[in-house]
Amino acid sequence: MWKRFSSNMGAMVGVVLLLAVIVVALTAPLLFPNGPWQMVQRPFLAPMAVDGLPLGTDTLGRNVAAQLAYGARVSLLVGLVSTLVALLIGVPLGALAGFYGSWVDEGAMRFTEFFQTIPNFALAIVLVAIFEPSLASITIAIAIVSWPPVARLVRAEVMSVRKREFVDAARLAGLTRPRILLTQVLPNTVSPIIVMASLMVATAILLESSLSFLGLGDPNAMSWGYMIGAARTVIRTSWWLSFFPGIAIVITVLALNLIGEGLNDAFNPHLSRRRARAGKEKA
Amino acid sequence: MTYLKATTFLIAAALAAPVAAQQAGGRLDIVVQPEPPGLMLGLVQNGPTQLVAGDIYESLLRYDTDLVPQPSLAESWTISDDGLVYTFTLREGVTWHDGTPFTAADVVFSADVFLRETHARLRSSLAYVDSITAPDDLTVVFTLKEPFGPFINAFETGTMPIVPKHIYDGTDYANNPANATPIGTGPFKFEAWEKGSYIHLVKNEDYYIDGLPYLDEVFYRVIPDAAARAVAFETGEVDVLPGGSVENWDVPRLTQMDNVCSTGNGWEFFAPHAWMWLNNREGPTADAKFRQAVMYAMDREFVKDVVWNGYGKVATGPISSKTNFYSDDVTIYDHNPDKAKELLAEMGYDGTPVRLLPLPYGETWQRWAEAVRQNLSEVGINVEIESTDVAGWNEKTSQWDYDMAFTYLYQYGDPALGVSRNYTADRIQKGSPWNNVEGYDNPALDAKWAAAATMVTPEERAAAYLDIQKEIIDDVPVAWLLELEFPTIYRCDIKDLVTTGIGVNDGPRNAWIEK
Amino acid sequence: MSTTLSIEHLTIDLPPGADRPHAVDDVSFAIDKGEILCVVGESGSGKSMTANALMGLLPPGVKVRAGRALFESRDILKLPEAEKQALRGARIAMIFQEPMTALNPLMRIGDQIAEVFAAHDRFTTAERRKKALALITEVGLPDPEKIIRAYPFQLSGGQRQRAMIAMALALEPKLLIADEPTTALDVTTQAQILKLILDLRDRRGMAVMFITHDFGVVAEIADQVIVMREGRVVERGTAARVLEQPEHPYTQRLLEAIPTGKLPQARAVPQEPALEIKALRKTYRTGGGLFKPVREVRAVDDVSLTVARGEVLGLVGESGSGKSTLGRTAVRLVDPDGGQVLVGGTDLAALSEQDLRAQRHKVQMVFQDPYASLNPRQKIMGALTDGPIAKGVPRAQAQSRARELLEIVGLGADAAERYPHEFSGGQRQRIGIARALAMDPELIIADEAVSALDVSIQAQVLDLLRDLRERLSLSILFITHDLRVAAQLCDRIAVMQKGRLVEIGTVHQIFLTPQQDYTRQLLAAVPGADWADSWQQQAAGA
């Protein structure tokens, strides 16, 4: 599977880009030990106008490059954690619904639909506004609006895997139903969940940036969305303050999308070949 | 006997009127930022409310740019020699916007009943008043308990707006439905309020001064985004940017445009003074050493230069340099991070995080909060900025739910009017963001404030206030930041926009457009 | 010239990385007008690729490297797409194995047939309908007026196949390519379709290229035969000659592997029962909504039978007979509505879920689909030890037993460390058998366990089962639709139809003296039954 993935040009580009972002995020404290909030020079310096400030300074004279690097940490952190939380909610719910069926399924799906009918972004805004913007509330808000598609996907996969004969074999072996769900069914639903997760991280990063841009970000966390929001009022005179964080977001989201597609392609031939062989069944 | 001849003032007023031929007609678009929470000036005295409602309501007097009192609803007045009795003779033929005649009873109701309940700042002045009576429909007499020099400065539109007795007497003021369509005596009547978009005022055809106002209507435009406001001015959609409407870094560019004039006048009455409330009751800020450390840690010159483009002046203490009886012969808190660290070590600061509440009035204030946070973190104070909007800020400060909170207040020309109210124990009252919010309780100093207010000669008062300033500056009940300067930007063909000490607030009365 | 199709030295390349360079390697054959050519081979022999190449349906990455296919003196492999389209349906028609996927589920049958006309711009709408009706009648579909308005899902498998044949015949093609059209059908239905094809060949003089893996089919309908293996033709000739005197060793092996009608010696079996099924019932109810009537299907209708210890009982029936349901109910993968399932004295049908789990090991199952019966993410060792460990067997012991079993089924102990995808279909079935044995059951139910395997692999697995039966005195309930296979392994055979037990008896009794009409029908429908007998007699003689 790795071979298929690595032969996909787009996916490898995505991996390289994402690694670059991760490296920058991890080394931010080393590269910029004073943090992103320190006023280092005159404000509104253009990129490369002064040595050591390749991306210029912002409205308060802070180093834009430092802000980008620290912003990477926040974006990646929020993206990852919120996706994990969404998976923690969606996977068990979908698995239980798909495996047990009947009223468990009904209840879980009605609950999921309730969340799906509310527009994502609007709900995120409301949640963050109610719980006072902070990294924690943003992460949870994003997780809350992101989990329904996961539940649906897992439910569909579980329903399909549940019908396969090795599940029957496991029942005959005397395994309890929860054990079957955990050890036999779920491991076989992992591939589409991974693909979806990678795309969810990208969406989470975009959501966080949008919230920060609107002023609902954590005022103590330097994030790319915050940078763009703060630069909104001076965009005509200091284009670079909006440009660089914007590029950073584009690159990161693009990288994640490429990786997600690559994973999808790498997993799928596996799936389609299996289905073809299973075609020789009795009428 | 000090006798101020009203006639002298009328002539002076007439002489002060510009000679050029004023032209009637036209419409003015003025930016208001942020959107006022309400327009009933008796209940709400936020900056934006004063800006808009200053055209709708009036008080007994007006003040020119030297803070000299001028007639308004009162056409003449006398002060007794002992300084205890103020007698005002009201104009005849004044009507409320709904047609009801204006009488002295409205004045008595406003000052004695309505505002006493709703207007914290006026209450400070009313404390000196023994009685307010209306011997007849056109006369109002204020009798003081003791002489109070600054009292004559209390008759400004925002300080003592005269409100209609026939609408508010006996009602629940806050929930009176008339609050949505404010009724005043001013040159402009309320027409419409499209929330989030504009407030529309139209000329009061029955205004008691013939010929005024010249303008037909005024639109106060609500444009939440600072860049959009600058663009609106550049494209000609709005004509006036009152001080504080655009981000400071747009001001140089805008003032250099063709046909654009700017002036720093119009703020003399207010003398905006910016500081941070420091919660004297709980948290690390309750310790005076911590508060002093905060003062030394901040680089206020940097903020003045970078965030305010050099406009303004670093504040040394509670009294602005533009206000009477200011002195800088006090402890000066320069930018001294080492001293700050020493003080923190002495007090034993343990790293408890301290919340910082910025003013939700735009990017300027957000950047200021970030700069302060950075300064403080450099001396080891752990600061977290809270996210808030106007309503949230009002709530947190008035309910004392903060550690450090930005604010700026007006001084109203005299320490007894606009300064002492933030430092005396009798002004500690939950529910208002404008009084002694920090909870500074110093009975000895309270006595000095009280005494200084009632001394008779200016020299006595100056010495008394110097004494107060020395002591209070060492206590640092709040962290004084800057004396703010808000240039008003407008098109040059708008004339006589800023002729009073409150500038654009009541400017439209005399303004006219040269065609 | 009476040659309809002539293939000359056809070579088709596979994409790099496939298990051999060519799907089809230098293959040549010819079909005459009115002739039926059977192309025989196991899976992967390249027989379908040849057909796909003719129709221009090769998958991406697979290309024709060399050779010609002359049809009506034109090389159809080199024609531009537009001309190929004109040919398809009109001159050359193809029918596939899975009629459900070949028919558009959203269109009515009549419309689909009419679409064939429309695609080639023939006739007016009214005429198309008339012709469709005529075709539907010709292929033997009952109630043509109803069928013409029916959707594919409303038809049975055999009916769908007939509908597809109708579509194929619509434009009266000269060549019909049939790619395993009857493999997915019941034996009786298969017999009918084969008869239909013979009829059509007679009536219309079509040439037919019939791809199959079943020599029985060859015996029924073929004029000419070619045998393909790994892309090459290994034998060709008339059907009679190839069936009776195969020259190539591969052909011989294939023929030998066919479960012939030859009946093995009867064995003595002990009488003690391993499994007793008494009056078992299972009814499925569908519908029952507000406006729909409840449809009841009696999948298992009051069936009683017994499998003795050490005996192999074959359960034979067509699709819909209830045999699979019976098997699944016996292991309680499905809960029965009534009746008893006694294993070693305990009634499995009456146990609670908890107690059942303790008794589960007594009856185990080997499943049909080798590719779905093993968890792809689990090593073989895990698959074999999960059950015993759940029962309480210590891990080390379970693991050593697992290795033993793998040796017994002929895979070697080191297979335990590998994953299912590393094994072929036949090997996976062996693993499935080992898994069933790991639980030390009293009885194994084999649910069509060899039906998805190629003929030669099938033979191997049957050998294994026979071997185990001897060595371990295994009791087996062997479910299958193929009487020939049942005859190879079973001691007794039970015949089911529509949920009821029709007949039960020893293999000899069933085959030689069938009592019921249905049983006789089944026996008659086995393709190549006569031939097989004669061939076997010959082989026995030779």
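Points to keep in mind about this one:
- Filtered residues of segment C:423-437 (kept if assigned to a helix (DSSP H, G or I), more than 9 Å from chain A (Cβ to nearest Cβ) and within 16 Å of C:ASP369 (Cα to Cα)): C:GLY426, C:GLN427, C:ARG428, C:GLN429, C:ARG430, C:ILE431, C:ILE433, C:ALA434
- The sole residue among C:ASP414, C:ASP440 that is assigned to a loop (DSSP other than H, G, I, E, B), surrounded by fewer than 23 Cβ atoms within 10 Å (Cβ to Cβ) and over 25 Å from the mean Cα position of the chain (by Cα) is C:ASP440.
- Residue within segment C:115-130 that is in a loop (DSSP other than H, G, I, E, B), surrounded by fewer than 18 Cβ atoms within 10 Å (Cβ to Cβ), β-branched (Val, Ile, Thr) and modelled with pLDDT under 85 present: no
- Scan of segment A:46-59 for residues that are more than 12 Å from chain B (Cβ to nearest Cβ) and free of Cβ contacts under 8 Å to residues at least 40 places away in the same chain, ordered by number: A:MET48, A:ALA49, A:VAL50, A:ASP51, A:GLY52, A:LEU53, A:PRO54
- Exclusive hit being surrounded by fewer than 22 Cβ atoms within 10 Å (Cβ to Cβ), assigned to a loop (DSSP other than H, G, I, E, B), at pLDDT 90 or above and more than 14 Å from chain A (Cβ to nearest Cβ), set B:ASP446, B:ASP441: B:ASP441
- Answer residue from segment A:159-192, given it is among the charged types (D, E, K, R) and within 32 Å of the chain's Cα centre (by Cα) and is farthest from the other protein chains (Cβ to nearest Cβ) among those: A:ARG162
- Near pairs, Cβ below 7 angstrom, 6+ apart or cross-chain, from segment C:353-365 (more than 9 Å from every other protein chain (Cβ to nearest Cβ) and crowded, with 17+ Cβ neighbours inside 10 Å) to any residue that is of a type in the set (Val, Ile, Thr) and not in a helix (DSSP H, G or I): C:LYS362/C:VAL343
- Test result for C:LEU141, among the hydrophobic types (A, V, I, L, M, F, W, C), under 26 Å from C:GLN190 (Cα atoms) and under 25 Å from the mean Cα position of the chain (by Cα): yes
- Per the listing A:ALA151, A:ALA136, A:ALA156, the residue uniquely more than 14 Å from chain C (Cβ to nearest Cβ), surrounded by 19 or more Cβ atoms within 10 Å (Cβ to Cβ) and either closer than 29 Å to A:TRP2 by Cα or among the aliphatic types (A, V, I, L, M) (or both) is A:ALA151.
Quick grid of which residues meet (1) closer than 24 Å to A:ASN120 by Cβ; (2) away from chain C (no Cβ under 14 Å); (3) touching a residue at least 12 places away in the same chain (Cβ under 8 Å):
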| site | (1), (2), (3) |
| --- | --- |
| A:ILE194 | yes, no, yes |
| A:SER209 | yes, yes, yes |
| A:LEU216 | yes, yes, yes |
| A:TRP224 | yes, yes, yes |
| A:VAL234 | no, yes, yes |
| A:THR252 | yes, yes, yes |
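- Lone unmet requirement of (1) more than 14 Å from chain B (Cβ to nearest Cβ); (2) in contact with a Gly (Cβ under 9 Å, 6 or more places away or on another chain); (3) of a type in the set (A, V, I, L, M, F, W, C) for A:MET39: (1)
- Residues of segment C:179-206 that turn out to be of a type in the set (Asp, Glu), within 14 Å of another protein chain (Cβ to nearest Cβ) and closer than 30 Å to C:THR519 by Cβ, as a count: 2
- Filter result (touching a residue at least 60 places away in the same chain (Cβ under 8 Å) and in a helix (DSSP H, G or I)) within segment B:43-69: B:GLY47, B:GLN50, B:LEU51, B:VAL52, B:ALA53
- Pick from segment B:349-404, criterion at pLDDT 90 or above and on the phi > 0 side of the Ramachandran plot, ranking: surrounded by the fewest Cβ atoms within 10 Å (Cβ to Cβ): B:GLY380
- Unmet requirement for A:GLY107, which otherwise passes all of (1) at pLDDT 90 or above; (2) closer than 22 Å to B:VAL307 by Cβ: (2)
- Taken over segment C:497-511, the criterion of being over 24 Å from C:ARG298 (Cβ atoms) and in contact (Cβ under 8 Å) with a residue 60 or more places away in the chain is satisfied by C:THR506, C:VAL507, C:HIS508, C:PHE511.
- Restricting C:VAL461, C:VAL450 to residues that are under 21 Å from the mean Cα position of the chain (by Cα), of a type in the set (A, V, I, L, M) and part of a helix (DSSP H, G or I) narrows the list to C:VAL461.
- Condition check for C:ALA486 on (1) in contact with a Phe, Trp or Tyr (Cβ under 7 Å, 6 or more places away or on another chain); (2) within 14 Å of chain A (Cβ to nearest Cβ); (3) in a helix (DSSP H, G or I): one failure, at (2).
The values are calculated or read from the model by the stated rules, or taken from the named source; none is laboratory data. Remember, predicted model here, so these are calculated numbers, not experimental data. Neighbour counts are summed over all protein chains in view; Cβ atoms, including those assigned to glycine, are modelled from backbone coordinates with ideal geometry.
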